[in-house]
Amino acid sequence: MTTGFENVLGNLHRLQTSNRTAAKKAVDEGAKIFAKQLKENTPEDEGELAEDVVVSGFKGANQGLIEKDIGYGKGTGRRAKYPDTGTINQKAQNFIERTKTESTPEIQEAYARHLKEGMNL
């Protein structure tokens, strides 16, 4: 049984090496949760930005890692930093950091569930 986030990450690493199918399911579900939350938290006045949330395919297979990138597409992604971090004339909205904070518990629950299934705990 896991007691802390570090143990969950350690078990996830063991899961990646022993049961790649379950690890991919865990990462895929976590990416979907984060992408949905990011789309909801993106400000309405940034219309195109909210509609251009992108989840990459699996990355890191050559290094033994299973991961995905979540963010905005090439056309709109370069503009995301201005409303998020603010400018001289615009207050920072911090919607990317808020998304990380809000989605972390749900993603950790999904990872833990897939760990238990994949490692028969």
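Each value in this text was obtained by applying a stated rule to the coordinates, not by laboratory testing. Just so you know, these numbers come straight off a predicted model, no measurement behind them. Cβ placement follows ideal geometry from the backbone for every residue including glycine, while neighbour counts extend to all protein chains displayed.
Of note:
- Coil-residue trypsin sites (Lys or Arg not before Pro) of region 57-121, DSSP, other Cβ within 10 Å capped at 16: Arg78, Arg79, Lys91
- Above-threshold pairs, the threshold being 19 Å between Cα atoms, out of Lys39/Lys68; Lys32/Lys81; Lys24/Lys74; Lys24/Lys81; Lys68/Lys91; Lys32/Lys91: Lys32/Lys81; Lys24/Lys74; Lys24/Lys81; Lys68/Lys91; Lys32/Lys91
- Point-to-point label distance, Arg98-Lys36, nm (Cα→Cβ direction, 7 Å offset): 1.9 nm
- Summing +1 for each Lys or Arg and -1 for each Asp or Glu among the other residues whose beta-carbon sits under 13 angstrom from that of Gly30 gives +1.
- Förster radius 35 Å - calculated FRET efficiency between Asn7 and Arg79, Cβ distance, rounded to 0.05: 0.35
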